[in-house]
Amino acid sequence: MDLHAFLSSDYTNSSAAGIDVNGDIVGTAYNSKIGQWEAILWRRIRPSDFNGDGKPDLFFQNYTTGQLALWRMNGVNAIGGSYVSQQQVVGWKVVAVADMNGDGKLDLVFQNSTSGQMQVWYLNGATVIGSASLSASATAGWTGVGPK
């Protein structure tokens, strides 16, 4: 599987080696900006229905860049994919997937791995429709937990 659609334009010749026992996509890609091959790991977040069709979709976060991607699924078949964010969100990891604003749609809760600060992205499918800080000050040493 070519991972190029889910990488920045700096990467070429990407390929997935497979899906590991945790459901994460592992592979390699050539980073033309720095001139070397890199291991790519897209960490799978809890399968959840992001598009409202009643079937679980797969949501991934790139472990290196923090980029976010969604695969809309029909059983075991991917019927489409898109970025939630092509922007690099280095240092922020998804710690929970839940409906945080009561609109019946799943949202993403992030925690900064350095400061411990937490933020929520309100989603409509794969589109970010708003955000809010859940902790105005650093909460270093604390780890957010929730359904993911």
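The values are calculated or read from the model by the stated rules, or taken from the named source; none is laboratory data. In this text the structure is predicted, and so the values were computed from the model without any measurement. All Cβ positions, even for glycine, are placed from backbone atoms using ideal geometry, and neighbour counts span all protein chains on display. Calculation scope for accessible area: heavy atoms of the full protein, side chains included, ligands and nucleic acids excluded. Shrake-Rupley method; radii C 1.70, N 1.55, O 1.52, S 1.80 Å.
Assorted remarks:
- Among residues of the stretch 95-105, those that are open to solvent by 60 Å² or more (accessible area, probe 1.4 Å) and touching an Asp or Glu at 6+ places or on another chain (Cβ under 7 Å), counted: 4
- Hey, Ser137 of a type in the set (S, T, N, Q), at pLDDT 80 or above, farther than 24 Å from Lys55 by Cα and open to solvent by 70 Å² or more (accessible area, probe 1.4 Å) or not: no
- Considered as a group, the residues in the stretch 126-136 that are under 13 Å from the mean Cα position of the chain (by Cα) and not hydroxyl-bearing (Ser, Thr, Tyr) include one that is nearest to Ile79 (Cα to Cα), and that residue is Ala126.
- Restricting attention to the stretch 99-121, the residues that are in a strand (DSSP E or B) and within 15 Å of Ile45 (Cβ to Cβ) add up to 7.
Results for (1) of a type in the set (A, V, I, L, M); (2) in contact with a strand residue (DSSP E or B) (Cβ under 7 Å, 6 or more places away or on another chain); (3) surrounded by fewer than 21 Cβ atoms within 10 Å (Cβ to Cβ), shown as yes or no for each residue.
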site	(1), (2), (3)
Ala69	yes, yes, no
Gly75	no, no, yes
Ile79	yes, yes, yes
Ser85	no, yes, yes
Lys93	no, yes, yes
Asp107	no, yes, no
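- Residue check for Gly81: more than 20 Å from Val109 (Cα to Cα), at pLDDT 85 or above and either among the small types (Gly, Ala, Ser) or in contact with a helix residue (DSSP H, G or I) (Cβ under 6 Å, 6 or more places away or on another chain) (or both): no
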